[in-house]
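Chemist: Following this message is one structure expressed as structure tokens.
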Amino acid sequence: MKNITLIKLGGSVITDKDTPYKAKISVIRRLAKEIKGSGITSLVIAHGSGSFGHTSAVKYGGKKGYKNKWGIAKVARDAMEINRIVMDTLIDEGLPAVSLRPMSMMMTSKGRIKKNLFEIIEEVLNQGLIPVVYGDVIWDKAWKSTIYSGETTLNEIGIYLSKKGYKVNKIIQVGQTDGVYDLQKETIPLINKKNWDKIKKYLFENKRADVTGGMQHKIENALKIAKIGINTFLINGNKAKELSNAILGKSVKGTIIRKN
Ligand code: IP8
């Protein structure tokens, strides 16, 4: 069975979220070095859009289509821009990465995938290359277009590859925190279907915690793919070595989301 690791570089880690169109080149470079240094080459990488795609997305709307066609054109261009920066850095650091544009690889209806060309991912992997996908605007049968996050694309690729007989070792989500924090700002080391309801209540429903709905969504999606045996690790990309340790299965300070 072919083993594979999936890595998502969060938009908040690779860009300065407060400054439109500002990439954190030194962070991207360090993360690329950590990936390279791990020696693992059987990988799919996704990245977020951060202050690139999200700047135009906020201006034009985007989850359910756009106010006008410039929304599609500009978000698509901005998403490609940060991808270009990530690709340059990965390749400079010696990773044979190939960019695969989600807009040309997937179609949805009401935000749910109806068609994909993920066979291309397998082909790229078979040729010893590293496929890279990213948060993008893609075509939607009902809404014309939709914003599709890099993370959701990666999860879908994980499900596809599992069905095709790959052993998806794990998904590593590189964010800005040491995983999910409790109300005392301590990392919750494990979330599974048994403890999730309790955690969700005190973290997200009492509104006292400094955590966003985005994190809840992330955890729920991770729990869904945990059902088919793919574990997700949420780790801190601002701390050196966390990514390489997570890739190599060494101990990291983060949250693991798994079935049990
Ligand atoms: O940053 C959003 O993707 P994400 C994509 O992975 C755009 O959530 C273009 C805003």
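Chemist: Any residue that is closer than 29 Å to MET1 by Cβ and within 14 Å of the ligand (Cβ to nearest atom) - is there at least one of those in segment 113-130?
Modeler: no
Chemist: Kindly indicate whether any position in segment 174-183 is away from the ligand (no atom under 16 Å from the Cβ) and either touching a helix residue (DSSP H, G or I) at 6+ places or on another chain (Cβ under 6 Å) or of a type in the set (D, E, K, R) (or both).
Modeler: Yes, segment 174-183 contains a residue that is away from the ligand (no atom under 16 Å from the Cβ) and either touching a helix residue (DSSP H, G or I) at 6+ places or on another chain (Cβ under 6 Å) or of a type in the set (D, E, K, R) (or both).
Chemist: To continue, here is another question. Can you confirm whether ILE235 is of a type in the set (A, V, I, L, M), assigned to a strand (DSSP E or B), at pLDDT below 95 and closer than 19 Å to LEU9 by Cα?
Modeler: So ILE235 fails the test.
Chemist: Check LYS33 against each of (1) buried (at least 19 other Cβ atoms within 10 Å of the Cβ); (2) modelled with pLDDT of 95 or more and name the one condition it does not meet.
Modeler: Condition not satisfied by LYS33: (1).
Chemist: So, one more: Mind telling me which of the residues ALA46, ALA79 ends up being within 29 Å of TYR166 (Cβ to Cβ), part of a strand (DSSP E or B) and not β-branched (Val, Ile, Thr)?
Modeler: Exactly one residue qualifies, and that residue is ALA46.
Conditions tested, residue by residue: (1) within 10 Å of the ligand (Cβ to nearest atom); (2) in contact with a Lys or Arg (Cβ under 8 Å, 6 or more places away or on another chain); (3) aromatic (Phe, Trp, Tyr); (4) touching a residue at least 12 places away in the same chain (Cβ under 8 Å).
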{"site": "VAL44", "(1), (2), (3), (4)": "no, no, no, yes"}
{"site": "GLY62", "(1), (2), (3), (4)": "yes, no, no, yes"}
{"site": "LYS69", "(1), (2), (3), (4)": "no, no, no, no"}
{"site": "ALA73", "(1), (2), (3), (4)": "no, no, no, no"}
{"site": "ALA76", "(1), (2), (3), (4)": "yes, no, no, yes"}
{"site": "ALA79", "(1), (2), (3), (4)": "yes, no, no, yes"}
{"site": "ASP88", "(1), (2), (3), (4)": "no, no, no, no"}
{"site": "ARG101", "(1), (2), (3), (4)": "no, no, no, yes"}
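Chemist: Identify all residues within segment 161-202 that are farther than 30 Å from ILE120 by Cα and small (Gly, Ala, Ser); write none if there are none.
Modeler: Result: GLY179, single match.
Chemist: Continuing with the same structure: Is it the case that some residue within segment 125-139 is small (Gly, Ala, Ser) and within 26 Å of LYS250 (Cα to Cα)?
Modeler: Applying the first criterion (small (Gly, Ala, Ser)) to segment 125-139 yields 128, 135.
From the residues that got through so far, the ones that are within 26 Å of LYS250 (Cα to Cα) too are 128.
The answer is yes; a qualifying residue exists.
The values are calculated or read from the model by the stated rules, or taken from the named source; none is laboratory data. Source: prediction; values computed, not measured. Cβ coordinates were reconstructed from backbone atoms using ideal geometry, including for glycine residues, and neighbour counts include every protein chain displayed.
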